[in-house]
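This report concerns only the one structure given below.
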Amino acid sequence: MPLLLSVFGLHAYFMAHVAGVNNSIMLKDTATGMISMGACMWGMLFLINAYPTKVAILFYSFILSVFFTTTNIITDWFILKTWIGSSNSSYNNWLHHTITIRALVDFLILLLVAIYAALKKRVLSIEEKYNHQADAATLLREAELFKLRQQLQPHFLYNSLNSISALIMIQPDNAQEMIGKLSEFLRSSVKREALDIIPIAEELTYIQAYLAIESIRFGDRLQVQFEKEYTDDATVPPFLMQPILENAIKYGLYGKTGNVTITMHIVLHESMLIITVTNPYDAQTQSSTGTGFGLEGIRRRLYLLYARTDLLETKKDGELFTTILKIPQSYV
């Protein structure tokens, strides 16, 4: 509409101030041209938007521009010649001399509008396709994250149930305590399932509940020391720290006698929360069995969440095994 008003405003100005056509004829000519052009433009846009494919849509738009330009000029010629030219020979001559220019201007206007509409249709189609692909990628990512979280819990649950089964006969009170703690632990897991990021303090509360269950299994043999250097606004994805501790307990306690100390150092350095877990490790006492899924699952989750592969690191130094987990902090 702004384009039509601008073009026919110039058309009216040219007729009145350059060609010297009187105001009555100028208004009739301009009104006829605007109505005819508006109708043709509406029809052309309707057909472009209804075009079922984006293949050759620019050529299709060009053909429509030619067709509606011809239709518009024939309509204008017939109406203006009948309405004004039949009783005004000078206007009739002027119409004859300007019909070619009218046709060229109409064609350029309709072609410009057609190309714009065609490109807009193509852009919207590409945008819609991109949005569908992005939605599918997001759903796939969320499904994989959910699967990874679900795969981390059964291993711990199986071990806990086996421990409860063993304690029922020899230490029924401890078995009952362990069942209660396991129930609370699993209930808190369900509440956190839909969360992507939680405060580090909340995750540590969850870890303490996990360690309370493990302490029933291992008694005083298991000692975990925490060293904390972070602010209250530090955050971490849920269910990342437990499998790291579970891995440390597995390789730190299994096959050993006596007390074992595992240390967890949590520090906020600039825009990164760094969690370092260190546990004793003796390659001679370790079994080669096991899927190794825990740390690999964490590495995959970190990649899906942050698109980075450098956020999990493990290293062996003599009889110590260290796991370093880095969590980018979005608020910094």
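Laboratory data are not the source of any read-out in this text; all were calculated from the coordinates shown. As the structure is a prediction and not an experimental result, all values here were calculated from the model. Note: ideal-geometry Cβ built from the backbone for every residue, glycine included; neighbour counts use all protein chains shown.
In table form, for the structure just shown:
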quantity	calculated
Strands (runs of 3 or more DSSP E) enclosed by region 210-329 - at least 3 residues per element that are in contact (Cβ under 8 Å) with a residue 24 or more places away in the chain	222-229, 260-269, 272-280, 320-328
Matching residues in region 216-233 - criterion: being touching a strand residue (DSSP E or B) at 6+ places or on another chain (Cβ under 7 Å) and either more than 24 Å from residue 306 (Cβ to Cβ) or crowded, with 21+ Cβ neighbours inside 10 Å (or both)	221, 222, 223, 224, 225, 226, 227
Residue list for region 34-54, filter: without any contact (Cβ under 8 Å) to a residue 60 or more places away in the chain and either part of a helix (DSSP H, G or I) or in contact with a Leu (Cβ under 9 Å, 6 or more places away or on another chain) (or both)	34, 35, 36, 38, 39, 42, 43, 46, 47, 50
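A quick yes/no check of all residues on (1) more than 43 Å from the chain's Cα centre (by Cα); (2) among the hydrophobic types (A, V, I, L, M, F, W, C):
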position	(1), (2)
48	no, yes
69	yes, no
89	yes, no
95	yes, yes
110	no, yes
